[in-house]
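Scroll down for the structure; my scribbles are underneath it.
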Amino acid sequence: MEEKKNILIFFGPQRSGKDTAAYYISCKYGYRYFDISAPVKSIASDLYGDDVERKHLIKIAEACRELDNVVWARQVFQSYFSLYGPKPCYKEEAIPNAVISGVRHPEDILYLQHSFKESFSNVNVYTVRIQRETAARISTTGFSDEFKDHYTEHLLDFYDGDYTILNNYDKPFLLNQLDYMLLDIEQKGRAVK
């Protein structure tokens, strides 16, 4: 019997720790890391250089969503599929576990769940809410409280994930919850590393 692989979809508001959590899972457990916002950031960087503001990211993402409401989820799935699908451009013994960070729209979650389940018989797809317990921290990377009430920050407020990880900005606490989550997935026999 072929071992099932995990696809973890991390979602939550800005500065909740999605990328930190996904990067940790990637480094510690060998999951292939995908950032749904990477193409948006790349386009913005090409247009505005290194000083990209959040308003630019939002405008680019929304403009592309007007053409295709799951454009960014489709890009992530197609990247994975081209590498590990039936006729992959890169052949590996087995498809890898993957973690997808930066999901903001319910349509993206539904698209990713459906696409992975329909295209790969040996994957389990889990949604993981990263929920901050305190106010977002201001950073020097163009994120601020200015956009905390933007509609994209609240599209998934009532979406129940398979797991919820609380982030109170105590990094060891965050990482410990992630370890327990993966242990739970493994112990339930739904997937193993």
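The values are calculated or read from the model by the stated rules, or taken from the named source; none is laboratory data. Note that this is a predicted model, so its numbers are computed, not measured. Here the Cβ positions follow ideal geometry from the backbone for every residue, glycine too, while neighbour counts run over all protein chains shown. The protein model used for the area step is the full one, side chains on, heavy atoms only, and it has no ligands, DNA or RNA in it. Shrake-Rupley method; radii C 1.70, N 1.55, O 1.52, S 1.80 Å.
Roughly what would the spin-label model give for E62 and Q113, points 7 Å off Cα along C-beta, in nm?
Reported label-point gap for E62 and Q113 is 2.7 nm.
Find the accessible area per residue for the range 1-61; the probe is 1.4 Å, ligands and nucleic acids are left out, and the unit is Å².
Working: 3040 Å² over 61 residues.
Per-residue value: 50 Å².
On full extension of the chain, what length is gained from K188 through C27, given 0.36 nm per residue of separation minus the C-alpha to C-alpha distance?
Values: separation 161, 0.36 × 161 = 57.96 nm, distance 2.27 nm.
In short, 55.7 nm is gained.
Suppose the chain between E3 and T164 were pulled fully straight at 0.36 nm per residue; how much longer would it get relative to their current alpha carbon spacing? Display every interim value, and only then the final one.
On the way: separation 161, 0.36 × 161 = 57.96 nm, distance 2.50 nm.
Separation in residues times 0.36 nm, less the Cα-Cα distance, equals 55.5 nm.
If each of K41 and K55 carries a label point 7 Å out from its Cα toward its Cβ, how far apart are those two points in nm?
Taking the simple label geometry, K41 and K55 are separated by 2.2 nm.
Mind putting a number on the dipole of the range 17-68 about its Cα centre? Charges go on the C-beta only, +1 for Lys and Arg and -1 for Asp and Glu, and I need it in Debye to the nearest 20. Walk me through the numbers before you get to the answer.
Values: 8 positive and 9 negative charges, 59 e Å.
Its charge dipole is roughly 280 debye.
Please list S26, S42 in order of solvent-accessible area, largest first, computed with a 1.4 Å probe with all protein chains present. Mind dumping the intermediate values first?
On the way: S26 25, S42 60 Å².
Result, largest first: S42, S26.
Within the accessible area of the range 1-110, what % is carbon and sulfur when the probe is 1.4 Å and the other protein chains stay in place?
Numbers: 2950 of 5590 Å².
Its accessible area is 53 percent carbon and sulfur atoms.
If you stretched the chain out fully between N122 and L175, how much longer would it get, using 0.36 nm times the residue separation minus the C-alpha to C-alpha distance?
Taking 0.36 nm per residue and subtracting the Cα distance, the gain is 16.4 nm.
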